[in-house]
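Data block below; observations after.
Values quoted throughout were computed directly from the atomic coordinates according to the rules given, and no laboratory measurement underlies them. These numbers come from a predicted model, not from an experiment. Cβ: placed from backbone, ideal geometry, glycine included. Neighbour counts: every protein chain shown.
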């Protein structure tokens with residue numbers, strides 16, 4: 001019986017630690033430290049947070065409202081950038097769309113619309129002509145959109161996305177980069193929370209991000 005009780009306590013302890021780890025995240029378990037820190041675009045005491053995402057990714061779509069709420073809660077502590085992970089390489093159509101909207105200053109009103117088009121309206125925005133037609137149908141002047149789509153700045157940044165993702169050691173989306181130094185994502189947390197539902201994994205991911213913001217801020 002003592003052995004059984006000890007085994008039972010050990011199991012409970014291991015389960016407790018697996019689910020409690022976001023409160024005290026461990027390097028190499030709940031997050032990773034990049035081999036080489038990357039430049040940040042944050043002023044003063046703010047900590048930069050980058051979300052690597054993909055428009056067609058269902059996990060990214062599900063995380064989006066929780067991430068927006070987390071960003072609001074963090075307030076002036078952070079500055080946020082988004083980078084579309086180029087899942088199909090240097091000519092990724094969705095990444096091209098994101099960079100074009102960014103160049104036009106239209107992410108504020110169009111970012112959520114793209115997610116809705118893909119995940120609610122089931123429009124496959126994976127071909128250039130489909131994307132250009134969709135943008136025109138959603139209030140962006142076709143000529144203006146094409147000028148940005150074909151611009152040197154947008155096409156150059158599109159070709160560089162593979163290298164950018166590699167520099168941040170990003171291999172999947174969604175992934176959060178904090179302070180140019182730390183990486184975490186739901187995939188890492190789900191390995192520590194086997195059997196947990198997606199909402200709990202998302203919550204844990206953002207708890208880890210909280211702690212990483214603290215860690216990055218202390219290093220400033």
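Being over 20 Å from residue 80 (Cβ atoms) and either in a helix (DSSP H, G or I) or touching a helix residue (DSSP H, G or I) at 6+ places or on another chain (Cβ under 6 Å) (or both) is a description that applies to residue 200.
Restricting attention to region 187-198, the residues that are surrounded by fewer than 23 Cβ atoms within 10 Å (Cβ to Cβ) and either touching a residue at least 40 places away in the same chain (Cβ under 8 Å) or in contact with a strand residue (DSSP E or B) (Cβ under 7 Å, 6 or more places away or on another chain) (or both) add up to 6.
Among the residues making up region 81-110, those that are within 21 Å of residue 165 (Cα to Cα), touching a helix residue (DSSP H, G or I) at 6+ places or on another chain (Cβ under 7 Å) and in a helix (DSSP H, G or I) are 93, 95, 96, 97, 99, 100, 101, 103, 107. If a residue must be on the phi < 0 side of the Ramachandran plot, free of Cβ contacts under 8 Å to residues at least 12 places away in the same chain and in contact with a helix residue (DSSP H, G or I) (Cβ under 9 Å, 6 or more places away or on another chain), how many such residues does region 131-140 contain? Counting residues in region 131-140 that are on the phi < 0 side of the Ramachandran plot, free of Cβ contacts under 8 Å to residues at least 12 places away in the same chain and in contact with a helix residue (DSSP H, G or I) (Cβ under 9 Å, 6 or more places away or on another chain) gives 2.
Would you confirm whether any residue within region 139-162 is under 23 Å from residue 59 (Cβ atoms) and part of a loop (DSSP other than H, G, I, E, B)? There is no residue in region 139-162 that is under 23 Å from residue 59 (Cβ atoms) and part of a loop (DSSP other than H, G, I, E, B). For region 62-92, a tally of residues being farther than 27 Å from residue 215 by Cα and surrounded by fewer than 20 Cβ atoms within 10 Å (Cβ to Cβ) returns 5. Only residues that are closer than 11 Å to residue 30 by Cβ and either surrounded by fewer than 20 Cβ atoms within 10 Å (Cβ to Cβ) or in contact (Cβ under 8 Å) with a residue 24 or more places away in the chain (or both) were counted across region 164-185, and they come to 3.
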